[in-house]
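Participant: Let me give you the structure first, and then I'll get to my questions.
The values are calculated or read from the model by the stated rules, or taken from the named source; none is laboratory data. The model shown is predicted, which means the values in this text are computed figures rather than measured ones. As a convention, Cβ positions derive from the backbone with ideal geometry for all residues, glycine included, and neighbour counts pool all protein chains shown.
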Amino acid sequence: MGYQARQEAKEKIYSLHVEIGYPMKTFQTDEVDDEYQDLEIYEDDFFHNVVSCLKALRKRFLLGLVNPHLQDNWEVAPWSVHSYYSLRRHAVVFPAGMFRSPFFHNEFPSAANFGAMGFFMAHELLHSFYDFVLTKNCSTCDIKSMEEGIDCLMRQYESYSLDGHSINGSFTLLENAADTGGLAIAYQAYQNWLTKHRRMTELPWHGISHHQLFFISFAHAMCGRQNPKGLETFLHRDPHSPPILRVLGSLSNSQDFSRHFHCPSKSPLNPALKCHIW
């Protein structure tokens, strides 16, 4: 990325809105009162309370179509476990639901928090650089280097298969790029933190270093059960790679992971060719 492209990237970051926990209007009493002024709640009638809430939600949705101000509403509930980047608002949103185990906890070692929550934050921040991945939209980028990185990532993920299903490297490109770059940025942030906090408590697990815990926490945050019957639908509809491949793909592109886990050269998680865009 050349000087001009870096300056444009900095401007994007400076103008980015970061919203954490809950929408700003949550504690703006006048706005909350106005939003719920037509909501009728009955003391002893659960069914009609549900109907009343559904009507209020439908009204809010319809108003959002014609009232630009209402479009500032979050796309998810504050208690949900789903961070996202809004292209329309140029904003990243991290709901309160993300700030709990296994993603974050005040008593977790910092390596665990950086590996999980730090990764998700870096992942969403990188989505604000869509223009720099879609090379036709970036006149100041090093197009050749970007295209080489993009081609490398696409070929990497297309080489994977899961239960007989292949991965569409083009469809998942933006998410795969954010995964690989997000992991690298989160680890860099953790290293920066270490320079200021050199005293670290001993981990209760023998044989695991703080650096290894960072990557273990990243993989742990991706744990989930993939329904084999729904895998094909997932691959056609979700721009993310399946969780297990998000982990394997990102780790195999990380020289830091290979170093701290002593992965043999040219092994599956330490290939000679590592794909990067950023």
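Participant: Go through the stretch 242-278 and give me each residue that's outside any helix (DSSP H, G or I) and either crowded, with 18+ Cβ neighbours inside 10 Å or hydrophobic (A, V, I, L, M, F, W, C) (or both).
Facilitator: Selection gives PRO242, ASN253, SER254, PHE261, CYS263, LEU269, ASN270, ALA272, LEU273, CYS275, ILE277, TRP278.
Participant: Give me the residue from the stretch 189-241 that is touching an Asp or Glu at 6+ places or on another chain (Cβ under 9 Å) and surrounded by 14 or more Cβ atoms within 10 Å (Cβ to Cβ) and, out of that set, nearest to LEU269 (Cα to Cα).
Facilitator: PHE215
Participant: Checking the condition out of contact with any Lys or Arg (no Cβ under 6 Å at 6 or more places or on another chain), closer than 16 Å to LEU173 by Cα, in contact (Cβ under 8 Å) with a residue 24 or more places away in the chain and in a helix (DSSP H, G or I), which residue from PHE119, PHE132 passes?
Facilitator: Only one candidate passes the filter, namely PHE132.
Residue-by-condition table, conditions (1) in contact (Cβ under 8 Å) with a residue 40 or more places away in the chain; (2) surrounded by fewer than 11 Cβ atoms within 10 Å (Cβ to Cβ); (3) at negative phi:
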residue	(1), (2), (3)
ALA9	yes, no, yes
VAL50	no, yes, yes
ARG58	no, yes, yes
VAL76	no, no, yes
HIS82	no, no, yes
ARG89	yes, no, yes
VAL92	yes, no, yes
MET98	no, no, yes
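Participant: Of HIS17, HIS82, which residue is in the same structural domain as GLU148 (by TED's automatic domain parsing), touching a helix residue (DSSP H, G or I) at 6+ places or on another chain (Cβ under 8 Å) and not acidic (Asp, Glu)?
Facilitator: It is HIS82.
Participant: Same structure again: Check GLY97, GLY64 and return the single one that is more than 18 Å from ALA186 (Cβ to Cβ) and either among the hydroxyl-bearing types (Ser, Thr, Tyr) or outside the structural domain of ALA184 (by TED's automatic domain parsing) (or both).
Facilitator: Unique residue meeting the criteria: GLY64.
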